[in-house]
1. May I ask you to list the residues in the stretch 16-56 that are surrounded by 14 or more Cβ atoms within 10 Å (Cβ to Cβ), touching a Phe, Trp or Tyr at 6+ places or on another chain (Cβ under 9 Å) and of a type outside the set (A, V, I, L, M, F, W, C)?
2. Pick out the one residue from F32, F2, F44, F19 that is in contact (Cβ under 8 Å) with a residue 24 or more places away in the chain and not aliphatic (A, V, I, L, M).
3. Any residue at all in the stretch 40-52 that is over 16 Å from G15 (Cα atoms) and modelled with pLDDT under 90?
4. Go through the stretch 5-33 and give me each residue that's part of a helix (DSSP H, G or I) and more than 18 Å from T51 (Cα to Cα).
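The values are calculated or read from the model by the stated rules, or taken from the named source; none is laboratory data. Predicted, not measured: the structure shown is a model, and the values here were computed from it. So basically every Cβ, Gly included, is an ideal-geometry build from the backbone, and we count neighbours across all protein chains shown.
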Amino acid sequence: MFGLDRRVVSALLWGAVGFMAFLVLVQGYALFVESLLPITQAAFVAVIVGTGAMTGAYLLEHRVAAWSARRVTGETESHGGDGKSKS
């Protein structure tokens with residue numbers, strides 16, 4: 001999509017989700033209780049939240065996918081599959 005790596009596109013989308021979710025929570029709080037932040041400050045904090053979500057998604061997505069693939073195949077132990085506890 002747009003010549004970008006799929007991992008980058010996914011991270012951008014997760015950033016957008018974090019951005020919008022924070023704004024929805026602020027607006028919901030303002031609707032039911034009182035205004036927590038002015039909209040300009042809320043937008044600034046939402047940019048920070050979206051950036052954090054984007055960075056986290058970019059850094060962790062491949063690890064979560066690899067962990068999930070190992071879990072599906074039954075290979076949950078990273079130190080071998082002998083079935084013995086190493087703790």
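1. G50, G56, listed by residue number.
2. Details: F32 fails: in contact (Cβ under 8 Å) with a residue 24 or more places away in the chain; F2 fails: in contact (Cβ under 8 Å) with a residue 24 or more places away in the chain; F44 fails: in contact (Cβ under 8 Å) with a residue 24 or more places away in the chain.
One residue alone meets the criteria, F19.
3. Checked against the condition, which is being over 16 Å from G15 (Cα atoms) and modelled with pLDDT under 90, the stretch 40-52 yields no hits at all.
4. Pass one, the stretch 5-33, residues part of a helix (DSSP H, G or I): 6-32.
If the condition is that a residue be part of a helix (DSSP H, G or I) and more than 18 Å from T51 (Cα to Cα), then Q27, G28, Y29, A30, L31, F32 are the ones that fit.
So that you can scan it fast, the table gives a plain yes or no per residue for (1) among the aromatic types (F, W, Y); (2) over 18 Å from the mean Cα position of the chain (by Cα):
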{"residue": "A11", "(1), (2)": "no, no"}
{"residue": "G15", "(1), (2)": "no, no"}
{"residue": "M20", "(1), (2)": "no, no"}
{"residue": "L23", "(1), (2)": "no, no"}
{"residue": "F32", "(1), (2)": "yes, yes"}
{"residue": "L37", "(1), (2)": "no, yes"}
{"residue": "A42", "(1), (2)": "no, yes"}
{"residue": "V45", "(1), (2)": "no, no"}
{"residue": "G50", "(1), (2)": "no, no"}
